[in-house]
Every structure is written in C-alpha cells, then in structure tokens.
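J.: The structure is given below, and queries will be raised subsequently.
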Amino acid sequence: MSAASTPAPGIAAAPVASETQQPKSGLSRIVHRYPPLALGATLLAVLMAIAALAPLLGTVDPSVPSPINRTLPPSASFWFGTDMLGRDLYSRVIYGARVSLTVGLSVALLASLFGSIIGFVSGSVRWSDAFIMRVMDGLMAIPPVLLAIAFMTLTRASIANVILAIAIAETPSVARLVRATVLSLREQPYIDAAIVAGTPPAMIIWRHLLPNAVAPIAVQATYICAAAMIIEAVLSFIGAGIPSVIPSWGNIMADGRALWQVKPYIIFFPALFLSVTVLSVNLLGDGLRDALDPRATGTL
Amino acid sequence: MIVYVLGRIAATIPVMAVVGLVVFSLLYVLPGDPAALIAGDQANPEAIAHIRHGLGLDRPFLLRLTEWFWQILHGDLGTSIFTNLPVSTMIGQRLGPTLSLLAVTFVFAVIVAIPIGVVAAWRAGSWIDRAVMALNVIGFSVPAFILGYLLAYVFALQLGWFPVQGYTPLDQGFWSWLGHLVLPAVALGSLQIALIARVTRAAMLDILQQDYVRAARAKGLPESTILFVHVLKNASVPIATVVASGIAVLIGGAVVTETVFAIPGIGRLTVDAILRRDYPTIQGVVLLGSFACILINLLVDLLYPLLDPRIRR
C-alpha cells in the first residue's frame with residue numbers, strides 16, 4: 001500500500017514477491033504487514049527479558065550504598081555511573097524495569113477487568129445505565145494524575161497501592177468503551193435470536209458479546225499500560241508513588257532531581273528506558289489497532 | 001438552542017457532584033486510619049486526634065459530607081492542616097504561574113498542531129505525513145517531565161537561549177514572562193500537539209473525500225483556501241473535542257512540569273502538600289482541577305452549535 005508510489009524497481013518488486021508466497025507462516029506475515037506491531041512486540045519482549053533476567057545481567061544489589069563511589073560518571077566499572085549514595089545506576093535502572101512493567105501490566109489488566117464488568121452491566125442492565133455512566137463521567141472528569149495523588153496521600157506508599165490508584169483512574173475509559181460496544185451489538189439480529197432461543201444472559205455475554213468486545217478492549221489496554229507507566233513515574237518522581245527504597249525509574253529520577261544540572265546522567269538513563277518502554281507499548285497498541293480493525297488503517 | 005444550552009449546563013451538575021463525592025469519600029473508604037497516616041509515624045495520640053477532628057473524621061460520614069458540600073458551594077475549600085491558611089487563599093496565591101503556563105502551552109500547542117495535521121492530511125502517504133506520524137508516536141511516548149529536562153539541558157544549560165528555571169510574573173515584563181515559559185510550554189505541549197495533530201489529520205482526511213471539496217477544486221479555488229477555510233472549518237468539531245479532552249492531561253502534566261522548571265504554581269503547592277500529607281490542600285487542588293476540566297468541556301459543548309450549525313436544530 002505504501003511502496004506503490006515509489007517507482008524504484010527493487011522496491012516495486014517487493015509486494016509482488018510477497019503475494020506469490022502468500023501462504024507464509026503467521027509470524028512473518030504480521031512482521032511484513034504491521035511493522036509497528038512487530039517492532040513494538042520485539043522491543044517489549046527484550047525489555048521483559050531484561051526485567052526477568054535482571055540478576056544475571058552483570059548487576060549488583062541495586063540498593064547497597066557505597067560512600068566512596070558517590071556520583072561517579074558512567075565508566076567501565078559503573079556503566080551508567082552512580083547516584084549520590086554511591087549505588088550502581090546500571091543495576092538500579094535494570095531492576096527498575098521490573099517495577100515499571102509490573103505496574104503497567106497490572107494496571108492494564110485490572111482496569112480492563114473492572115471496566116469490562118462495569119461496561120457490560122451498564123450496557124445490558126437498562127435501569128442501571130444512567131446511574132453508572134454518571135459515576136464514570138465524574139471519575140473521568142478528575143485528571144488521572146490528580147486522582148492518583150489524592151489516593152496516595154491517604155494510603156501507605158506501596159507498589160500495590162500505586163497499581164490500585166492508577167487502575168481506578170483508568171477504569172472509566174474501558175467501561176465507556178465496553179458499554180458503547182455492547183449497545184451497538186445489542187441491536188444485532190443474532191442477539192435477538194439468542195434471546196428468543198432462551199439463551200441465559202450470562203451465556204449471551206460470554207459467547208456473543210465478549211468475543212466481539214475483546215479487540216477494542218485489547219487496544220485500549222495497551223494504551224492504559226503506557227499511561228500507567230508514565231503516571232507511576234510521575235507519582236514516584238514527585239514523592240507520591242513507589243516507596244523510595246525500591247529502585248523504580250521514577251524514584252531514580254527523583255534522586256537525581258537536585259543534581260540534574262551537574263550530573264544529568266542520573267536522570268538520563270532511567271528517562272531513556274522509560275521512554276523506550278512506553279514507545280514500545282504505544283507501537284504495539286497502534287499495530288494492534290490496525291491489525292484488529294482494518295478499516296482504521298490510513299484514517300487514524 | 002436555549003434548550004440545548006440549558007441541557008448542557010444541567011448535565012454538568014451531577015458530574016461535579018460525583019467528583020466531590022469521590023474526592024471526599026477517599027478519606028473514609030481507604031483502608032487504614034488517614035489521621036494517623038497524615039500525622040506521621042512519630043505522632044502522639046493527641047496530634048492524631050487533632051488531625052482527625054480537623055478532617056471531621058470524628059463525625060458521621062453523611063453529616064460531614066453535607067457540611068462539606070455546603071462549604072464548597074460557598075467557596076470554602078477547607079483549611080490546610082500544615083499552614084492553617086484557607087486552602088482557597090493558598091491556591092489563589094499560586095494561580096498566576098499555573099494559569100500562565102497552561103495558557104502559553106495551550107496557544108502554542110494549537111498553533112503548531114493544526115497546521116501540522118492539515119499538511120499531513122493534504123499530503124497523506126507522503127514523507128511529510130510519515131515524518132509527522134512518526135514524531136507523533138514519540139510525542140505520545142516521551143513524558144512531559146523527561147522532555148522538560150532534555151529541553152532545559154540543551155536550550156538553557158548548553159545554548160543559554162532561555163532561563164534554566166524559575167518564573168517572573170507578567171507585570172514585570174512580557175518577554176521575561178514568556179522567556180521563562182517557552183521551554184515548559186514546549187515540554188508540556190508535546191503530547192497535546194501529538195493528540196491534536198492526529199485528530200486534525202484524521203478529520204481532514206474524511207472531509208477531503210467529500211464532493212464539495214472536488215467542486216471547490218473544480219471551481220479553481222486556491223488549495224490553501226480549500227484546506228484552511230472549507231475543510232478545516234468542517235473538521236473543527238472533532239478538533240474542539242480533542243482539545244477539550246486533552247485539558248485533563250494538561251492539568252495533570254502541569255504538576256510535574258512545574259516541578260522540573262521550579263515554577264511556583266499550583267503544581268509546587270501540590271508537591272509540597274504531598275510531602276506534608278496536607279490532605280485538605282490536595283482535596284482543594286483535585287477539586288479545582290476537575291471543575292476546570294468540566295467547565296472547559298462545557299464551554300466546548302456550547303461552542304459546537306457555533307462551529308456546526310447542524311447541531312443547532
């Protein structure tokens with residue numbers, strides 16, 4: 001679709017070649033047709049591997065201070081330098097991947113789950129719809145970062161509380177999406193047929209509505225995952241997030257805040273990792289959206 | 001028309017009530033004793049009791065809730081448990097820098113994003129379009145505070161074009177005021193630009209397919225007139241919608257951008273309040289931020305009939 005405008009023979013030959021080998025394996029077809037999806041998935045897989053294998057990647061204990069090695073610039077022995085307590089930044093950043101990915105994936109899962117339940121109830125139980133949607137409108141009107149800040153001021157700092165705070169802020173967008181999907185599906189004749197045939201409501205949701213709602217929920221979940229990782233970093237950075245003893249990218253940047261003009265590398269490496277991680281999730285989301293909804297290609 | 005306006009205004013009342021209920025109920029529904037948490041680990045029982053009384057936690061939920069709503073209706077956001085000043089006074093003192101930042105960011109984002117989106121749609125599929133869409137993904141992925149540090153490092157520390165940090169009020173000179181806000185506004189505005197440009201492009205692409213665009217071209221109108229007058233005008237409803245919905249992200253992002261650039265606004269007030277666990281102040285900021293979002297969305301709802309006469313009915 002994009003190579004067609006380029007007259008160079010080498011490039012023009014590519015789509016033809018791919019058409020002749022059409023019955024390719026699923027994986028290489030995805031790579032060929034949806035490059036953002038493949039790039040995002042690959043980057044994310046690498047980052048997950050880094051998080052899982054953190055102890056094996058030449059790291060030391062990320063929380064052990066070493067007073068003689070304070071604020072050293074990047075070098076052969078300290079790849080990313082050290083912070084003002086002499087802790088090895090390479091190890092802290094690598095272990096920080098665990099926190100970011102845990103928060104991002106957990107929030108995406110929780111918000112999709114809460115949002116789907118609320119959206120299905122709102123979309124299928126008519127008398128509850130107006131009330132539930134007013135509550136969701138109210139929750140959505142609060143800027144997510146501010147809602148999470150209010151939540152975190154009143155609870156102990158912990159990873160679980162950060163996940164819950166962000167999940168509550170992100171749930172209404174899923175609820176609204178699922179409700180809209182249910183409302184449009186409810187008008188389909190096959191749903192009427194299922195009701196007439198005496199299918200129990202739970203079975204209608206499970207067998208007819210859920211499979212049709214999975215694609216939009218999955219796309220929304222990836223965007224929520226990206227937003228959650230940014231909100232976690234913001235919360236930790238301003239002191240309302242993960243406990244400061246846990247090396248998360250937001251906490252490392254908060255530690256480097258006072259020294260950023262003279263020791264910019266303390267902030268640079270966690271910032272780079274956070275941006276690349278969010279980028280990979282966003283690419284995955286864009287790719288999923290295009291792959292799951294061919295109509296959206298080219299228009300959004 | 002009157003019915004539409006009144007209907008829109010009436011629809012915001014339950015939303016504001018729910019916002020108030022959520023912000024207030026957090027004190028009661030979260031596990032643990034908020035008074036003990038706010039007082040800190042070393043606090044004695046008297047201090048905890050004092051804070052509990054100050055937050056009204058020693059009185060029944062419904063009674064306290066109605067009192068609190070009554071206070072809010074009278075513009076009383078409560079009293080800070082750290083400074084003992086009214087929260088509305090503290091917010092009022094910090095409003096100037098934050099409003100300045102939001103206004104400059106908003107104007108900057110709209111001025112940059114709309115032409116970008118128009119050109120991307122006009123040359124859809126070209127290298128310009130692809131470059132814009134690639135920059136877009138980056139705008140979505142680099143958080144505002146990280147971009148802020150990057151910009152401050154390059155354009156303030158290395159090149160010295162702008163002040164590194166700080167803020168000067170407007171009455172001390174326009175250029176100094178603007179100079180301090182350029183880098184924060186670019187950092188905070190990048191996400192808005194990505195959002196607005198993406199929606200502008202999509203809306204323009206839809207409309208460029210319409211017959212009246214072909215008619216305008218056949219009539220020999222200059223391409224710029226077609227794009228910026230005929231097409232952009234008809235794309236204005238989705239653009240206004242995304243601009244309004246982006247305000248929530250903008251307000252949330254202002255908190256952390258002010259921290260990076262040491263701007264003494266509401267964001268700084270919030271961060272200080274977090275460190276002191278000054279919940280009444282946080283409550284006031286969250287309430288005000290949310291109401292600002294609701295009112296801006298209401299304003300855009302009321303603008304729709306002006307942008308698109310078909311909505312007037």
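No value in this document is a laboratory result; all are computed from the given coordinates. The model shown is predicted, which means the values in this text are computed figures rather than measured ones. Heads up, the Cβs are rebuilt from the backbone with ideal geometry, glycines too, and the neighbour counts pull from every protein chain shown.
J.: For region B:160-204, what does the convex hull of the Cα positions come to per residue, in cubic angstrom?
T.: Expressed per residue, the convex hull around the Cα atoms of region B:160-204 is 98 Å³.
J.: Given R₀ = 22 Å, what would the calculated FRET efficiency be for A:Arg70 paired with B:Leu275, taking r from the Cβ atoms and rounding to 0.05?
T.: Values: r = 24 Å, r/R0 = 1.09.
Efficiency, from the Cβ-Cβ distance: 0.35.
J.: Let me ask another. Which of B:Val256, B:Ile266, B:Leu221 sits closest to the plus end of the dipole of region B:191-313, meaning its Cα is farthest towards the positive end, when Lys and Arg get +1 and Asp and Glu get -1 on the C-beta?
T.: B:Leu221
J.: For region A:100-174 and region A:242-290, compute the distance between their C-alpha centroids and round to whole Å.
T.: Taking the Cα centre of each part, region A:100-174 and region A:242-290 sit 23 Å apart.
J.: Hey, got the dipole for region A:150-291? About the Cα centre, +1 on K and R Cβ, -1 on D and E Cβ, debye to the nearest 20? Don't skip to the end; give the middle numbers.
T.: Values: 8 positive and 7 negative charges, 42 e Å.
Roughly 200 debye, rounded to the nearest 20.
J.: So, one more: Which number do you get for Rg(Cα) / (2.2 N^0.38 Å) in region A:170-216? Don't skip to the answer; put the middle values down first.
T.: Working: Rg = 11.3 Å, N = 47, 2.2 N^0.38 = 9.5 Å.
That ratio works out to 1.19.
J.: Amide H of B:Thr79 versus every other amide H placed in the peptide plane: which residues, excluding those fewer than 5 positions away on the same chain, fall under 5 Å?
T.: HN-HN under 5 Å from B:Thr79: B:Val87.
J.: So if I take the alpha carbon set of chain A, get Rg, then get Rh from the Kirkwood formula, what is the Rg over Rh ratio?
T.: Numbers: Rg = 23.3 Å, Rh = 21.9 Å.
Radius of gyration over Kirkwood radius for chain A works out to 1.06.
J.: Same structure again: Enter the per residue convex hull volume of region A:178-284, computed from alpha-carbon coordinates, in Å³ rounded to the nearest integer. Mind showing how you got there, number by number?
T.: Details: hull volume 13.5 nm³, N = 107.
Given the Cα convex hull of region A:178-284, per-residue volume reads 126 Å³.
J.: Let me ask you something else. Once label points are set 7 Å from the Cα along Cα→Cβ at both B:Thr66 and B:Ser245, what is their separation, rounded to one decimal in nm?
T.: The modelled label-to-label distance comes out at 3.9 nm.
J.: Using a Förster distance of 41 angstrom, determine the FRET efficiency expected from the C-beta separation of B:Asn44 and B:Leu99, and round it to 0.05. Please report the intermediate quantities before stating the final value.
T.: Details: r = 41 Å, r/R0 = 1.00.
According to the calculation, E is roughly 0.50.
J.: Over region A:43-89, consider all pairs of different Cα atoms and compute the Kirkwood hydrodynamic radius from their mean reciprocal separation; express it in Å, one decimal.
T.: Values: mean 1/r = 0.0872 Å⁻¹.
Hydrodynamic radius (Kirkwood, Cα only) of region A:43-89 equals 11.5 Å.
J.: For labels at A:Val60 and B:Ala36 in the simple 7 Å Cα→Cβ model, what's the distance in nm?
T.: The modelled label-to-label distance comes out at 3.9 nm.
J.: Now for a separate question. Debye sum, Cα scatterers, region B:238-313, no solvent: what log₁₀ I/I(0) at q = 0.13, 0.18, 0.26 1/Å?
T.: So the normalised log intensities are -0.50, -0.76, -1.14.
J.: Also, I was wondering about something else. Using the Cα centre as the reference, give the magnitude of the dipole from point charges on the C-beta atoms of chain A (Lys, Arg: +1; Asp, Glu: -1; all else neutral), rounded to the nearest 20 debye. Don't skip to the end; give the middle numbers.
T.: Details: 18 positive and 14 negative charges, 20 e Å.
Taking the Cα centre of chain A as origin, the dipole is about 100 debye.
J.: Any idea what Rg and Dmax come out to for region B:13-103 if you just take the C-alpha atoms, in Å?
T.: Reported Rg and Dmax, both Å: 15.2, 46.
J.: Could you give the C-alpha radius of gyration of region B:181-221 expressed as a fraction of 2.2 N^0.38 Å, taking N as the number of residues it contains?
T.: For region B:181-221, the normalised Cα radius of gyration is 1.80.
J.: Another question, if that's okay. Arrange the following residues from fewest to most other Cβ atoms within 10 Å of their Cβ: A:Val60, B:Val112, B:Val231.
T.: Working: A:Val60 14, B:Val112 17, B:Val231 24.
Ranking A:Val60, B:Val112, B:Val231 by Cβ neighbours within 10 Å, fewest first, gives A:Val60, B:Val112, B:Val231.
J.: Could you work out how much longer the chain between B:Lys233 and B:Arg310 gets when fully extended? Use 0.36 nm per residue separation minus the Cα distance between them, nm to one decimal.
T.: Numbers: separation 77, 0.36 × 77 = 27.72 nm, distance 1.32 nm.
Full extension of this stretch gives 26.4 nm more.
J.: Kirkwood Rh over Cα pairs of region B:186-294 into Stokes-Einstein at 25 °C, 0.890 mPa s: D in µm²/s?
T.: Numbers: Rh = 16.6 Å.
My calculation gives 147 µm²/s for D.
J.: Roughly how many debye, to the nearest 20, is the charge dipole of the protein assembly as shown about its Cα centre, given +1 on each Lys and Arg Cβ, -1 on each Asp and Glu Cβ, and no other charges?
T.: Dipole about the Cα centre, nearest 20: 1000 debye.
J.: Another question, then. Among B:Val19, A:Leu177, A:Thr199, pick out the residue whose Cα is farthest towards the positive end of the charge dipole of the protein assembly as shown, where Lys and Arg carry +1 and Asp and Glu carry -1 on C-beta, about the Cα centre.
T.: With unit charges placed on the Cβ atoms, the residue in question is A:Thr199.
J.: Next question, about the same structure. Which percent of Cα-Cα pairs in region A:91-208 sits in each 5 Å bin, short to long?
T.: Calculated over all Cα pairs of region A:91-208, the distribution is 2, 11, 16, 18, 15, 12, 9, 7, 5, 3, 1, 0, 0 percent.
J.: Measuring from the lowest to the highest alpha carbon on each principal axis, how far does region B:73-209 reach, largest first, in angstroms?
T.: Projected onto the principal axes, the Cα atoms of region B:73-209 cover 59, 45, 27 Å.
J.: Let me ask another. Just want the ordering: A:Arg98, B:Arg214, A:Arg179, from fewest to most Cβ atoms lying within 10 Å of their own Cβ.
T.: Numbers: A:Arg98 18, B:Arg214 12, A:Arg179 24.
In increasing order of surrounding Cβ atoms, one gets B:Arg214, A:Arg98, A:Arg179.
J.: While we're looking at this one, here's another question. Summarise the partner chain shielding of A:231-240 as one whole number: the mean count of Cβ atoms from other chains within 10 Å of each residue's Cβ. Can you show the working numbers first?
T.: On the way: counts 3, 0, 4, 8, 2, 0, 7, 11, 5, 8.
Averaged over the peptide's residues, the number is 5.
J.: Okay, moving on. Given the options A:Met152, A:Leu259, A:Val46, identify the residue whose Cα lies farthest towards the positive end of the charge dipole of the protein assembly as shown (+1 on Cβ of Lys, Arg; -1 on Cβ of Asp, Glu).
T.: A:Val46
J.: May I pose another question? Provide the descending list of Cα extents for region B:68-135 along its principal axes, expressed in whole angstroms.
T.: Projected onto the principal axes, the Cα atoms of region B:68-135 cover 59, 24, 17 Å.
J.: Rule-of-thumb check for the protein assembly as shown: C-alpha Rg over 2.2 N^0.38 Å?
T.: Values: Rg = 25.8 Å, N = 613, 2.2 N^0.38 = 25.2 Å.
That ratio works out to 1.02.
J.: Taking 0.36 nm per intervening residue step and subtracting the Cα-Cα distance, what contour gain separates A:Ser128 from A:Leu53 on full extension? Could the numbers behind the result be given before it?
T.: Working: separation 75, 0.36 × 75 = 27.00 nm, distance 4.72 nm.
Working it through step by step, the gained length comes to 22.3 nm.
J.: So, one more: Rounded to the nearest 0.05, what FRET efficiency is calculated for B:Ile138 and B:Val29 with R0 set to 41 Å and r the Cβ-Cβ distance?
T.: On the way: r = 39 Å, r/R0 = 0.95.
Result of the calculation: an efficiency of 0.55.
J.: Between region B:243-289 and region B:1-52, how many Å separate their Cα centres?
T.: The two parts, judged by their Cα centres, are 16 Å apart.
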